[in-house]
Amino acid sequence: MPTQIDRDEVRRLVAAGAQLVEVLKPEEYEGDHLPGAVSIPLRNLDSAAAAVLDRHRPVIVYCWDSG
C-alpha cells in the first residue's frame, strides 16, 4: 500500500537499502534525478518493475517535477 513519506524518511530508507524509482519520462530522468534512482516511466511501471527491482527490498517511487 502506498505511503507518503518526507525527505528524512527517504534518506533513512535509502540508507537501509530501499530502491528509488523515478517515474517521469526517460529524457526528464536524464535531466535530473536523485542519485541511485532508476528510471521506470509510470506507464511502464507494472511491466518493468519485476525485471528491474528486487522484490525483497523496499521501493520508493517518486516524480521530480521542477516545472
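Nothing in this text is a laboratory measurement; each read-out follows from the coordinates by a stated rule. This structure is a prediction, so every number in the text was calculated from the model and none was measured.
Normalising the average separation of contacting C-alpha pairs (under 8 angstrom, six or more residues apart) by the number of residues puts the relative contact order of the chain at 40 percent. Close amide-amide hydrogen proximity is noted between Val61 and Val21, each under 5 Å apart and 5 or more residues distant or on a separate chain (H modeled in the peptide plane; Pro and chain starts excluded).
Relative to the globular-protein estimate of 2.2 N^0.38 Å, the Cα radius of gyration of the chain stands at 1.07. Taking every DSSP helix (H) stretch of at least 4 residues in the chain, weighting each as -39,500 (n - 2.57) and dividing the sum by the residue count yields a mean residue ellipticity at 222 nm of -9000 deg cm²/dmol.
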